[in-house]
Amino acid sequence: MSNKERRFPLSLSSVVDHGKSARSTKVAMPQTAVQNAANHQKNQVGKSSHSSKFFGVATSAAGANGAHLPVTDGSKKSNPSISADVMVSDKIRKAMVDRVAQQGVQDSVVLAAMEAIPRHLFIESGLSSQAYIDASLPIGHHQTISQPYIVARMIEIMRNGKKLNRVLEIGTGCGYQAAVLSLVAKDVYSIERIKALHELAKENLRPMRIPNIRLHYGDGMLGMPQIAPFDGIILAAAGMEVPNALLEQLEIGGRLIAPVGGRNQVLQLIERVGQKEWKSAVLEQCHFVPLHQGVI
Ligand code: SAH
């Protein structure tokens, strides 16, 4: 990455106008994400009203930290049934969070953050009716927005019941997880290596006017030494191992959570316990898109 390409810090506010138990879980790869969504919908036929449309949503939600988060979607057409849609989306999102809790996520701060962030606004309108199903979905460029359960679980593990100060996310994608993180951490830094997705995340987050997210276009494997140390680092893409640069950028006492592996992946939790000492634990199975070097 050249210095020219570096666009940091990019403050969103500057561009806007504005289970505890180990379990086995599956997250779809990009090529299976659409299929996943289709299968889920098949299973849901006759069960629920999940297929309502989400246009012109304008809502607000109290964040996990009590902050009021205005969430408007000015880019989409206004619709006379706007308040009905808002209520429907709130209800469906609540159902998604209930499901995530049933799957074992217990951290109420994380669950509240998941309930506050409108996932459907991060997904292209053709798929927004599937925004609250328990599956990853395509976001273009062969990448996916992660399954709600795994987003919640990873943040729960990283948080460990503590207040997070400075968090680094590798793999911004559509910006959804960064938005959830913004409600559980004081400052969120998120890196994306695909320029078009970096731009998409900016576009998705702009109307939400979230002041504590900084988006960076670059290679997340290098981290952000200029901002480090972080008390939490979360990877949304799987490498064969966690890059050393990221381990070095973890604060002592900080936690890094990452999917690791190729075909068979596991969530790995790494805690920095001393200047030169890290402790690692393998948690549940998972399935993420690969971590790649460099930018495109
Ligand atoms: N957190 C995202 C999930 C995106 S999928 C969301 O909420 O939508 C994982 C993302 O990691 C992809 O967008 C991919 O381009 C990105 N990625 C892979 N390797 C990367 C790297 N070295 N640096 C930064 N981003 C990377």
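Read-outs throughout are calculated quantities, based only on the coordinates presented, and are distinct from any laboratory measurement. Every value quoted in this text rests on a predicted model; they were computed, and no experiment measured them. Here the Cβ is made from the backbone with ideal geometry for all residues, glycine too, and neighbour counts use every protein chain on show.
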(request) Search the structure for amide H atoms under 5 Å from the amide H of SER136, placed 1.01 Å from N in the peptide plane, and list their residues when 5 or more places away or on another chain. (result) ALA28, GLN147
(request) With 30 Å as the limit, write out which pairs from LYS202/LYS276; LYS162/LYS195; LYS94/LYS163 have Cα-Cα distances beyond it, or answer none. (result) LYS202/LYS276; LYS162/LYS195
(message) Restricting to DSSP loop positions (anything but H, G, I, E, B) with no more than 16 other Cβ atoms inside 10 Å of their own Cβ, which trypsin sites (Lys or Arg not before Pro) remain in segment 234-296?
(response) ARG263, LYS276
(message) Restricting to DSSP loop positions (anything but H, G, I, E, B) with no more than 14 other Cβ atoms inside 10 Å of their own Cβ, which GluC sites (Glu not before Pro) remain in segment 100-177?
(response) GLU124
(request) Provide the gained length on full extension for the span ALA95 to ILE296, in nm with one decimal, where the gain is 0.36 nm per separating residue minus the Cα-Cα distance. (result) 68.7 nm
(request) Please give the net charge around ILE170, taking every other residue with its beta carbon less than 12 angstrom from that of ILE170, where Lys and Arg add +1 and Asp and Glu add -1. (result) -2
(request) Pull out the extension gain between ASN160 and ILE252, defined as 0.36 nm times the separation in residues minus the alpha carbon to alpha carbon distance; nm, one decimal. (result) 31.7 nm
(message) From Cα pairs below 8 angstrom and at least 6 apart in sequence, can you work out the relative contact order of segment 212-276, rounded to a whole percent?
(response) 29 percent
